[in-house]
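In what follows, a single structure is set out as structure tokens and then discussed.
The values are calculated or read from the model by the stated rules, or taken from the named source; none is laboratory data. Worth saying up front: this structure is predicted, and the values here are computed from it rather than measured. Please note: Cβ atoms are built from the backbone with ideal geometry, for glycine as well, and neighbour counts cover all protein chains shown.
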Amino acid sequence: MITTLLIPLQIIAIIALADFVSGIIHWAEDAYGTEETPVFGRLLIRPNIVHHHYPRFFTRFTWFQSSWDLLILGVAVLAGAWAFDVLTWQVWLFVTVSVNANEVHKWSHRTRAENGALISKLQDWGILQTPRHHALHHTDPKNTYYCPITNWVNPLLEKIRFWDGLEHIIQRLTGLRHRADTSVRGQGPGPAWLSEYRPASKGSTPAAPASRTCCGHCARCRHTHANAA
Ligand SMILES: [Zn+2]
Ligand SMILES: [Zn+2]
């Protein structure tokens with residue numbers, strides 16, 4: 001009986017853990033990854049830089065194009081769990097949610113029309129992260145709200161100033177500091193190659209570099225998204 005009652009709690013905890021781990025990966029890429037980072041620089045950090053400058057660019061990607069890296073990690077976790085004979089439903093749930101972290105992230109940059117009724121409703125009900133919540137990550141100085149799946153892990157981490165504390169410890173231990181983000185006002189300009197990703201501006205309307213406090217729904221934000229697409 002108690003075990004049955006614990007199942008919903010376990011599901012919530014596993015989703016929170018997947019959101020937290022996704023946030024850690026996102027934070028590591030944003031804070032310390034550079035284009036020069038061996039192997040990962042071009043594969044993972046460059047798309048992140050593009051995303052901060054042009055948040056809507058990746059909404060055109062297929063599931064595989066935006067999730068292949070998480071799929072590799074997920075398969076590795078499943079293989080490890082299988083090798084150690086701990087391949088439980090909890091591990092499957094953790095991997096399934098984690099592998100789809102970037103897809104959920106993508107939905108928070110798409111319009112309601114692009115997402116369709118089901119995803120929009122899941123966002124409205126707070127089951128999936130909402131565009132308004134994720135917009136806090138894209139608000140200068142873009143160094144917070146890294147977790148992309150739910151609306152409830154980020155506020156907890158903010159309350160204890162988790163990211164600030166973690167970066168402070170890393171700086172004390174290694175001297176490493178959060179890198180400059182060229183999409184943040186005053187920290188640019190961005191790298192020259194970004195011009196490949198610049199959306200074509202319509203008429204004389206300048207391209208919008210980022211949706212700063214964008215909710216993705218109001219008339220102003222839809223205009224911003226249209227230009228950033
Ligand atoms: Zn980011
Ligand atoms: Zn984003």
- Message: Which condition from (1) assigned to a loop (DSSP other than H, G, I, E, B); (2) buried (at least 17 other Cβ atoms within 10 Å of the Cβ); (3) in contact with a helix residue (DSSP H, G or I) (Cβ under 7 Å, 6 or more places away or on another chain) is the one that His137 breaks?
- Response: (3)
- Task: Taking Ala180 as the residue in question, decide whether it is within 16 Å of ligand 2 (Cβ to nearest atom), modelled with pLDDT under 95 and of a type in the set (Gly, Ala, Ser).
- Result: no
- Query: Restricting the search to region 24-45, which residues are in contact (Cβ under 8 Å) with a residue 24 or more places away in the chain, of a type in the set (D, E, K, R) and crowded, with 18+ Cβ neighbours inside 10 Å?
  - Reply: Asp30
- Heads up, the helices (runs of 4 or more DSSP H) in region 84-130 (entirely inside) with at least 1 residues that are at positive phi and out of contact with any Ser or Thr (no Cβ under 6 Å at 6 or more places or on another chain) are 112-124
- For region 144-154, does any single residue satisfy the condition of being farther than 16 Å from His26 by Cα, more than 16 Å from ligand 1 (Cβ to nearest atom) and assigned to a helix (DSSP H, G or I)? no
- Matching option when the condition is within 20 Å of Thr150 (Cα to Cα), within 16 Å of ligand 1 (Cβ to nearest atom), at pLDDT 95 or above and surrounded by 16 or more Cβ atoms within 10 Å (Cβ to Cβ), among Ser67, Ser108: Ser108
- Message: Tell me whether region 1-14 contains one or more residues that are surrounded by 19 or more Cβ atoms within 10 Å (Cβ to Cβ), more than 16 Å from ligand 1 (Cβ to nearest atom) and of a type in the set (Gly, Ala, Ser).
- Response: no
